[in-house]
Amino acid sequence: MCPAPVEVHPEDSLLEENEERTVIDPTSRDDPRFKELVKVLINWINDVLVEERIIVKQLEEDLYDGQVLQKLLEKLADCKLNVAEVTQSEIGQKQKLQTVLEAVQELLRPHSRPLQWTVDSIHGKNLVAILHLLVALAMHFRAPIHLPEHVSVQVVVVRKREGLLHSSHVTEELTTTTEMMMGRFERDAFDTLFDHAPDKLSVVKKFADGVYLVLLMGLLEDYFVPLHNFYLTPDSFDQKVHNVSFAFELMLDGGLKKPKARPEDVVNLDLKSTLRVLYNLFTKYKHLE
């Protein structure tokens, strides 16, 4: 701990003795992956809450009072929380946050992950805590989004001691790999294949938009797939997800088991997920000439 060399906001100088506040280092805020993470999460929230006519523009300012988090959780979990709809007082806001975060903890409890947020940190507009919470929700509800991998930020912890401000730097890991975040830790033959020949698997990227998968299912099952059922030249993430999802439906109709991979995994160029899908097709149709 040393006297703070970083730029300190005016409100930070009003800290009480031994009080602590955290801020994200400006360099981390400018990191493209960090910006992308914030953008993806904001767009996801707005997509989920589009029917509520709620538009989030800034995570710290729009989520700290619990109102948006309440609506988000109710929509994702298809539940109704017993909280006041609108509350202006700090006490009321924290009570609402407490109820929302307790419901979140109940949902995430089976995963035994340590919580990286509190009522005070969320209400205090701690962006790192808010991001930890949103990433956990996105992973739990398998959000149809692509979170950038390996996003870390440098956090400056400012504390007032003996009338002086002191700071320390801590690295906060916000995202890891898609597989780790989705909780798929099992190793199989595809993991071994990746260990020894990862550079020879880029060919599966050709299936990322779902077009080849749809056409392949038609060839394997000997039928024509009407072109209006999928996008022959998809130009957006959602259109590609639609194609892969449709291909998965065709696989189920053909008697295959439901793929373990998500359509989003294939679109996001998750090679192991794509290989698992292709291997399932191979084991069923390998007798065809």
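The values are calculated or read from the model by the stated rules, or taken from the named source; none is laboratory data. The shown structure was predicted, so the numbers you read here are calculated from the model rather than taken from an experiment. Note: ideal-geometry Cβ built from the backbone for every residue, glycine included; neighbour counts use all protein chains shown. The protein model used for the area step is the full one, side chains on, heavy atoms only, and it has no ligands, DNA or RNA in it. Shrake-Rupley method; radii C 1.70, N 1.55, O 1.52, S 1.80 Å.
Points worth noting:
For (1) modelled with pLDDT under 80; (2) more than 27 Å from the chain's Cα centre (by Cα); (3) not hydroxyl-bearing (Ser, Thr, Tyr), each residue gets a yes or a no:
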site: Leu201; (1), (2), (3): yes, no, yes
site: Phe224; (1), (2), (3): no, yes, yes
site: His228; (1), (2), (3): no, yes, yes
site: Tyr231; (1), (2), (3): no, no, no
site: Lys240; (1), (2), (3): no, no, yes
site: Ala247; (1), (2), (3): no, no, yes
site: Pro259; (1), (2), (3): no, no, yes
site: Phe282; (1), (2), (3): no, yes, yes
site: Lys286; (1), (2), (3): yes, yes, yes
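- Screening Asp62 on (1) under 18 Å from the mean Cα position of the chain (by Cα); (2) modelled with pLDDT of 90 or more; (3) under 21 Å from Val23 (Cα atoms); (4) buried (at least 16 other Cβ atoms within 10 Å of the Cβ) shows it passes everything except condition (1).
- Val211 vs. criteria touching a residue at least 40 places away in the same chain (Cβ under 8 Å) and touching a helix residue (DSSP H, G or I) at 6+ places or on another chain (Cβ under 7 Å): no
- Test: residue in the range 115-122 that is assigned to a helix (DSSP H, G or I), at pLDDT 90 or above, surrounded by 12 or more Cβ atoms within 10 Å (Cβ to Cβ) and of a type outside the set (Val, Ile, Thr): yes
- If you go through the range 95-105 and pick out every residue that is under 19 Å from Asn126 (Cα atoms) and open to solvent by less than 60 Å² (accessible area, probe 1.4 Å), you end up with 6.
- Residues satisfying the stated conditions in the range 17-45, i.e. part of a helix (DSSP H, G or I), over 12 Å from Leu127 (Cβ atoms) and over 14 Å from the mean Cα position of the chain (by Cα): Pro26, Thr27, Pro32
- The residues of the range 230-265 that are assigned to a loop (DSSP other than H, G, I, E, B), hydroxyl-bearing (Ser, Thr, Tyr) and either open to solvent by 50 Å² or more (accessible area, probe 1.4 Å) or touching a helix residue (DSSP H, G or I) at 6+ places or on another chain (Cβ under 7 Å) (or both), listed by number, are Tyr231, Thr233.
- Selected residue (criterion: farthest from Leu37 (Cα to Cα)) from residues of the range 135-150 that are open to solvent by less than 30 Å² (accessible area, probe 1.4 Å) and part of a loop (DSSP other than H, G, I, E, B): Ala143
- Condition broken by His169, with the remaining ones in (1) open to solvent by less than 60 Å² (accessible area, probe 1.4 Å); (2) not aliphatic (A, V, I, L, M); (3) not in a helix (DSSP H, G or I) satisfied: (1)
- A single entry from Leu227, Leu220 fulfils the requirement of being farther than 21 Å from Leu271 by Cβ and surrounded by 14 or more Cβ atoms within 10 Å (Cβ to Cβ): Leu220.
- All positions within the range 238-289 that are of a type in the set (Asp, Glu) and either touching a Phe, Trp or Tyr at 6+ places or on another chain (Cβ under 9 Å) or more than 21 Å from Pro144 (Cα to Cα) (or both): Asp253, Glu264, Glu289
- Close pairs from the range 75-103: first within 18 Å of Trp117 (Cβ to Cβ) and small (Gly, Ala, Ser), partner at pLDDT 90 or above and crowded, with 18+ Cβ neighbours inside 10 Å, Cβ under 7 Å, at least 6 apart: Ala103/Leu73
- Residues located in the range 203-217, provided they are in a helix (DSSP H, G or I) and either at positive phi or open to solvent by 90 Å² or more (accessible area, probe 1.4 Å) (or both): Lys205, Lys206, Tyr212
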